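Here is the structure we will look at, set down as structure tokens.
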Amino acid sequence: MVRNTNRHFKFDWITIILFFLLVGFGWLNILSASHIGVTVDYFDFSQPFGKQLVFIFLTFGLVILLLAVDAKFYERFSSVIYIISMLSLVGLFIFGKNVNGATSWYGIGGMTIQPSEFAKTATALAVAKYVSDLNTNINTLKDQIQTFIIIIIPAILVLLQNDTGSTIVYGAFFFVLYREGLPKYYLTIGISILILSILSLKFGALVATITALIFVIAFHFLSKNKLRVFQSVFILVAAIAISFGVKFFYQSILQPHQQDRISLWLRLEKDPKKLEQMKRTFAYNLNESEKAISSGGFTGRGFMEGTRTTGKFVPEQHTDYIFSTVGEEWGFVGSALVVILFVLLLLRILHLAELQKSQFSRVYGYGVASIIFIHFFINIGMVMGLIPTIGIPLPMFSYGGSGLWAFTILIFIFVKLDSNRINEW
């Protein structure tokens with residue numbers, strides 16, 4: 001029997017169109033947030049919007065390259081890609097360039113490259129490769145630990161570079177592992193730690209401990225699965241350790257600016273005068289961002305008509321605070337449209353991930369959706385003051401070649417994997 005070696009590919013144009021819609025709308029807002037003067041030279045490559053236009057142009061070539069590579073290449077060489085990416089992170093401690101207090105860039109001529117952005121894709125590939133291995137069972141402690149190690153290594157390396165925002169993104173892989181069968185008690189533990197941490201910082205370790213005690217007693221009497229004595233004692237000891245440990249971590253480990261951001265978010269400062277001073281000093285970006293968004297109203301002030309945007313009231317508005325430009329110039333309608341586009345992209349990727357015949361492709365697809373969701377959720381929440389200020393870009397929107405290309409690679413590797421689905425057995 002002669003085997004048919006012809007391979008067919010069907011690219012998902014919905015994902016591709018959504019990607020470029022977000023990139024294009026993002027560039028319009030970068031233009032509005034970074035232009036100077038009344039007359040705009042769209043090809044002024046000394047300005048962020050001009051540089052971003054070059055990045056976007058080069059992105060088309062990158063997309064063609066990613067789609068031209070054989071789909072099996074990404075699975076076969078995922079471990080190699082991961083190792084190279086980790087070495088690039090280690091190299092920053094020797095050759096890295098410090099920008100805004102973070103040693104996260106390589107300086108190459110007049111350009112900078114941020115390897116931590118690309119490390120997310122490498123980690124997603126490595127996790128997909130390990131979890132989809134026939135010898136891996138995510139329900140066993142050994143394989144759970146090894147998977148966590150794959151995720152923790154880049155997270156620690158990025159954290160040591162003083163890039164907290166990118167470190168938090170690695171928590172996105174929890175959703176991936178949960179989809180693949182990670183025991184539910186990890187979710188319970190994670191939520192419990194978060195609640196205890198907030199209670200400890202806001203009301204004190206004693207209140208957090210008492211809350212844990214009430215929960216254990218209620219669970220014992222109301223649940224059908226009764227806790228044993230040693231289980232109850234262990235939970236209470238762990239709750240006490242977490243409650244007092246969080247307080248120590250907050251006061252002794254976190255840097256002053258990180259403490260101030262959390263303090264403002266939870267309103268930990270009791271002195272009204274000091275609180276107002278902290279707002280002016282440490283929450284200036286956030287205050288100006290909220291003013292810009294609120295001034296946009298329902299329909300916005302119009303493209304390049306935002307007074308706070310053109311007046312440069314919001315620092316870093318073309319990067320982390322780009323959504324405030326959307327809010328001021330496009331209003332609620334434009335902001336809702338951006339949110340809808342992101343949600344559609346996420347739902348499309350998750351839908352395609354569930355259709356995959358290969359577990360590697362499915363796990364990677366969930367990794368793509370989770371990483372984008374964490375960026376999207378944190379950035380917009382930060383800009384609107386719903387969560388503490390964390391330096392993290394809005395995918396496809398914020399200015400920066402590394403971020404744009406990293407998300408291009410992240411998404412279009414999955415587009416290629418999905419296109420090969422019809423060739424899978």
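Mind checking which pairs have a first residue in segment 145-163 that is of a type in the set (D, E, K, R) and a second that is open to solvent by less than 70 Å² (accessible area, probe 1.4 Å), Cβ under 9 Å, 6 or more apart or different chains?
Pairs that qualify, where the first residue is of a type in the set (D, E, K, R) and the partner is open to solvent by less than 70 Å² (accessible area, probe 1.4 Å), are D163/A102; D163/T103; D163/S104; D163/Q114; D163/S116; D163/G391.
Test T121 against the stated conditions and say whether it is surrounded by fewer than 18 Cβ atoms within 10 Å (Cβ to Cβ), within 30 Å of H318 (Cβ to Cβ) and touching a Phe, Trp or Tyr at 6+ places or on another chain (Cβ under 9 Å).
Details: surrounded by fewer than 18 Cβ atoms within 10 Å (Cβ to Cβ): no; within 30 Å of H318 (Cβ to Cβ): yes; touching a Phe, Trp or Tyr at 6+ places or on another chain (Cβ under 9 Å): yes.
Against the criterion (surrounded by fewer than 18 Cβ atoms within 10 Å (Cβ to Cβ), within 30 Å of H318 (Cβ to Cβ) and touching a Phe, Trp or Tyr at 6+ places or on another chain (Cβ under 9 Å)), T121 does not qualify.
Here is a yes/no grid of residues against (1) in contact with a Cys (Cβ under 6 Å, 6 or more places away or on another chain); (2) under 24 Å from P48 (Cα atoms); (3) modelled with pLDDT under 75; (4) aliphatic (A, V, I, L, M):
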{"position": "E269", "(1), (2), (3), (4)": "no, no, yes, no"}
{"position": "Y284", "(1), (2), (3), (4)": "no, yes, yes, no"}
{"position": "S289", "(1), (2), (3), (4)": "no, yes, no, no"}
{"position": "G296", "(1), (2), (3), (4)": "no, yes, no, no"}
{"position": "T299", "(1), (2), (3), (4)": "no, no, no, no"}
{"position": "F303", "(1), (2), (3), (4)": "no, yes, no, no"}
{"position": "T309", "(1), (2), (3), (4)": "no, yes, no, no"}
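Just name the residue that is modelled with the highest pLDDT out of those in segment 28-68 that are assigned to a loop (DSSP other than H, G, I, E, B) and open to solvent by less than 40 Å² (accessible area, probe 1.4 Å). Working first, answer last.
So in segment 28-68, the residues assigned to a loop (DSSP other than H, G, I, E, B) come out as 35-47.
Among the residues that remain, those that are also open to solvent by less than 40 Å² (accessible area, probe 1.4 Å) are: 35, 40, 47.
Details: H35: 73, V40: 73, Q47: 84.
Within segment 28-68, the match that is modelled with the highest pLDDT is Q47.
So which residues in segment 64-87 are touching a Phe, Trp or Tyr at 6+ places or on another chain (Cβ under 6 Å) and among the aliphatic types (A, V, I, L, M), if there are any at all?
L66
Restricting attention to segment 347-383, which residues are more than 22 Å from T167 (Cβ to Cβ) and either under 12 Å from the mean Cα position of the chain (by Cα) or assigned to a loop (DSSP other than H, G, I, E, B) (or both)?
The initial filter retains those residues of segment 347-383 that are more than 22 Å from T167 (Cβ to Cβ), namely 347-362, 365.
Those that are more than 22 Å from T167 (Cβ to Cβ) and either under 12 Å from the mean Cα position of the chain (by Cα) or assigned to a loop (DSSP other than H, G, I, E, B) (or both): Q356, K357, S358.
Of L417, L386, which residue is more than 14 Å from the chain's Cα centre (by Cα), in a loop (DSSP other than H, G, I, E, B) and not acidic (D, E)?
Numbers: L417 fails: in a loop (DSSP other than H, G, I, E, B).
None of the others qualify; the one that does is L386.
So L160 ticks every box in (1) over 30 Å from T103 (Cα atoms); (2) open to solvent by 30 Å² or more (accessible area, probe 1.4 Å) but one. Which box is left unticked?
It fails just one condition, (1).
How many residues are surrounded by 13 or more Cβ atoms within 10 Å (Cβ to Cβ) and within 24 Å of the chain's Cα centre (by Cα) when one looks only at segment 191-206?
Residues meeting the conditions: 6.
Within segment 216-239, is even one residue under 29 Å from the mean Cα position of the chain (by Cα) and among the hydroxyl-bearing types (S, T, Y)?
No, segment 216-239 has no match at all.
Tell me the helices (runs of 4 or more DSSP H) entirely within segment 128-243 that contain at least 1 residues that are on the phi < 0 side of the Ramachandran plot, at pLDDT 90 or above and in contact with a strand residue (DSSP E or B) (Cβ under 8 Å, 6 or more places away or on another chain).
Details: elements: 141-160, 164-169, 173-179, 185-203, 205-222.
Passing ranges, in order: 141-160.
Can you work out which of the residues in segment 69-89 that are open to solvent by 50 Å² or more (accessible area, probe 1.4 Å) and among the aliphatic types (A, V, I, L, M) is farthest from S361 (Cα to Cα)? Working first, answer last.
Step one: filter segment 69-89 for residues open to solvent by 50 Å² or more (accessible area, probe 1.4 Å), giving 70, 72-73, 76-77, 79-81, 83-84, 87.
Narrowing further to those that are among the aliphatic types (A, V, I, L, M): 80-81, 83-84, 87.
Values: V80: 17, I81: 16, I83: 20, I84: 21, L87: 25 Å.
Among them, the one singled out is L87.
Working only within segment 219-244, note down all residues that are under 30 Å from R267 (Cα atoms) and open to solvent by 30 Å² or more (accessible area, probe 1.4 Å).
Initial filter on segment 219-244 (under 30 Å from R267 (Cα atoms)): 235-244.
Residues satisfying the conditions are I235, L236, V237, A238, I240, A241, I242, F244.
Taking segment 316-346 as the region of interest, how many residues are open to solvent by 50 Å² or more (accessible area, probe 1.4 Å) and over 16 Å from the mean Cα position of the chain (by Cα)?
7
Within segment 90-109, can you find the residues that are out of contact with any Asp or Glu (no Cβ under 9 Å at 6 or more places or on another chain), aliphatic (A, V, I, L, M), open to solvent by less than 80 Å² (accessible area, probe 1.4 Å) and part of a strand (DSSP E or B)?
V99
Please verify whether T112 is in contact with a Phe, Trp or Tyr (Cβ under 6 Å, 6 or more places away or on another chain), among the polar types (S, T, N, Q), modelled with pLDDT under 90 and not in a helix (DSSP H, G or I), treating the condition exactly as stated. Before the answer, list the steps.
Numbers: in contact with a Phe, Trp or Tyr (Cβ under 6 Å, 6 or more places away or on another chain): yes; among the polar types (S, T, N, Q): yes; modelled with pLDDT under 90: yes; not in a helix (DSSP H, G or I): yes.
So T112 fits the description; yes.
Does P395 satisfy the criteria of being part of a loop (DSSP other than H, G, I, E, B) and surrounded by fewer than 24 Cβ atoms within 10 Å (Cβ to Cβ)?
Working: part of a loop (DSSP other than H, G, I, E, B): yes; surrounded by fewer than 24 Cβ atoms within 10 Å (Cβ to Cβ): no.
Taking the combined requirement at face value, the residue does not satisfy it.
The values are calculated or read from the model by the stated rules, or taken from the named source; none is laboratory data. Values in this document were obtained by computation on a predicted structure and should not be read as measured data. Here Cβ is always computed from backbone atoms with ideal geometry, including for glycine, and neighbour counts include all displayed protein chains. Surface areas here come from the heavy atoms of the whole protein model, side chains and all, with no ligands, DNA or RNA. Shrake-Rupley method; radii C 1.70, N 1.55, O 1.52, S 1.80 Å.
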